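Peer 1: Following this message is one structure expressed as C-alpha cells.
The values are calculated or read from the model by the stated rules, or taken from the named source; none is laboratory data. Please read all numbers here as calculations on a predicted model, not as lab measurements. Glycine also receives a Cβ, built like all others from the backbone with ideal geometry; neighbour counts cover every protein chain displayed.
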Amino acid sequence: MNDRSASPLAHQSLGRPLSTAERELATQLGQVFATGTHDFDAVAAALQQRSVARPSGESGPWSAAVLQQELSTINASLDAAYAEHGIGA
C-alpha cells in the first residue's frame, strides 16, 4: 500500500507542540511504566515521589483522580488543536 494518506499513521501527529510540563510528564510516565507499575494509584504515588509538576499548573499532591484529570485535559487540548490546525504542529 503506497498511498500513505489511507494509512491511520498518516494522521498520527500533534496539532500543537507539547508544553515543557507535558513532555516532562510523558517522560516520567514512561519511566514509571518501565518499572512495571501500571495501576493509576501507584503511578500517581510515583509521580508524587518524583516531584513531577502538573502540566495544568495546579498544585497539590498527585492521586489517581488528578492523573486522570491531567491526562484528560491534555488529550482534550491536543484534540482541539488537531481539529483546528490539522497535522503537523
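Peer 1: In region 16-46, what residues are closer than 13 Å to Leu71 by Cα, of a type in the set (Gly, Ala, Ser) and touching a helix residue (DSSP H, G or I) at 6+ places or on another chain (Cβ under 6 Å)?
Peer 2: Scanning region 16-46 gives a single hit, Ala44.
Peer 1: Can you list residue pairs whose Cβ atoms sit under 6 Å apart, with the first residue in region 69-89 being closer than 24 Å to Phe40 by Cβ and the second being at pLDDT 85 or above and part of a helix (DSSP H, G or I)? Count only pairs 6 or more apart in sequence or on different chains.
Peer 2: Ile74/Glu22
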